[in-house]
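Below is one structure; the comments refer to it alone.
No value in this document is a laboratory result; all are computed from the given coordinates. It should be emphasised that the depicted structure is a prediction, and the values quoted were computed from it without experimental measurement. All Cβ positions, even for glycine, are placed from backbone atoms using ideal geometry, and neighbour counts span all protein chains on display.
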Amino acid sequence: MRVSSDFLVIGSGISGLIYALKAAQCGTVSLLSKDQITEGSTFYAQGGIAAVFDEKDSIDIHVEDTLEAGDGLCLREVAQEICSDGPKVVQELIDNYNVKFTNKKGEIDLGLEGGHSQRRVLHAQDKTGIELQTKLVDAAKKEQNISIFENHVAINLFTDNNVCFGAYVYDKTKGKIMNFQASVTTIATGGAGKAFLVTSNPDVCTGDGIAMVYRAGAKIINMELIQFHPTSLYHPHAKAFLITEAMRGEGAKLVDKDGNRFMNKYHPKKELAPRDIVSRSIDAELKASGDDSVFLDITHKDPAFVKERFPMIYERCLTFGIDITAQLIPVVPAAHYTIGGIKATTSGETTIKNLLAIGEAACTSFHGANRLASNSLLEALVCGSKAAKLGSTICIDTGAPSKRPFPKWDPGEAEDSDEMVIIKQNWDEIRRFMWNYVGIVRSNNRLKRASHRLDIVMKEINQFYWDFKIHPHLLDLRNLAQVAELIIRCAKGRKESRGVHYSIDFPMKSDVLYNTELQISMVDRIPINEEL
């Protein structure tokens, strides 16, 4: 089956949605969601969007905060562009999509988070992602030019002579492979947090877009830069639940099991230090003490304020028997945000023609070596909007989607897999050795061991899985292994410690600023019509 449209958008988070809504003003849009359209990182975002809305604040101050957090790897011109466009795109959310941010005394309530020198985080209590996703999905469903395809998993891009014409897509409901053709294809698939054992990311975040684009031959940069959120709830039944950084912005303190604060030992900003420093500090405390977690303490604040400001966290923690107004919250760091990714401009341009990348899957050099809190939703909005303008120009220049046929997807004699236990074993093994060897603190020996283990897993994939028919779990495993390899290779290539990348063998920063860059060779590219 073939679906043809002007725009193909792979991913349904905030960047994909805002891109689709704006591109729909120029042509037809096919919007793919790997799962239900609400399932993704945007929906679970608690904190908010960083943008200048206070007269005490300024674009220049926001830029400087971004550069300081980015530890030298941000491009100033990119930070200037995105921070400058921030107030406008956020205002569009309010005016055009009826997004409701929390107000206080008739004005937008601006939160303070780590690394920010001013209050500039717009939020909808602690449910910002739900508000954004719900309102943008509602708008997309009303747009006649947008066709939404839920439970559709992109397998491979179809490229020829470094030009993208669309993608092969697996319909999970019908169990069929479809050809989606378009004048412009846009990757908005989010990050790769599920490559690690402990993560804040939902299950869909297996680095699919990054892996697909790498296999197609585009440049990938700085994949070693994985940001770990300092405060993920530590509880055996609390899967991927964050305690937003905004809580520390409102006065919550990090303490050990005896109630002693420790961040004063590591940074003058204490709990409001940049995320990489807070995460490493917690990691150091846990390694020294042998404890399972540290604790976040907000019991000194008025209970009514805590319940009003953080209603979702309050209710969620209660389900685990923790009353955050009276008890300490056990927390540990978790893999949170993929800073590196597909090399792209702020308009989404990649190194493949007619292929754009936006959001967490892309690397624009806005975040540098360490993302400033709440700058991710800002980047997604700004770059998604700018990419829609570029995509519309490409669409007009290109004309109707190419009618050239995709090479036939030939499954050969592939059979259904009856060994899902092997897939689960490989999945768990990758995530565990990535956490142990390629986590918050790294070393040459750890990276070498991770690389060795991954080589074994990759051989098993090649040996056992090529004859299996397409299955979502196989696709996830394939992409998870691919991004794990990219992270390890880039980590080996960074001979310094900078931002979120810390190596005990190279504890100092290099005097030379550089990006780690990977691109698959033509001879190594996997044929696009192979079963896996």
Task: Within-13-Å neighbourhood charge of Asp291 [Cβ basis; K, R +1; D, E -1] - done: -3
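Tell me, what does the Kirkwood hydrodynamic radius of the stretch 233-334 come to in angstroms if you use every pair of distinct C-alpha atoms?
Working: mean 1/r = 0.0724 Å⁻¹.
Every distinct Cα pair counted, the radius reaches 13.8 Å.
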Task: Largest-first principal axis extents of the Cα set of the stretch 427-509 (Å) - done: 48, 20, 19
- [ ] Rounded to the nearest 10 degrees, what's the angle between the helix 275-289 long axis and the longest principal axis of the chain, both from Cα atoms, 0 to 90?
- [x] 70 degrees
Task: Degrees between helix 128-142 axis and first principal axis of the chain (Cα, 0 to 90, nearest 10) - done: 30 degrees
Task: Packing-based ranking, highest mean first, of 348-361, 497-510, 187-200 given that Cβ atoms within 10 Å are counted - done: 187-200, 348-361, 497-510
Task: Cα-based convex hull volume of the chain per residue, rounded to whole Å³ - done: 146 Å³
Open item on the list: Out of the trypsin sites (Lys or Arg not before Pro) in the stretch 156-190, which ones are loop residues according to DSSP with at most 15 other C-beta atoms within 10 Å?
Closed with: Lys174
Task: Degrees, to the nearest 10: 444-464 long Cα axis against longest axis of the chain - done: 30 degrees
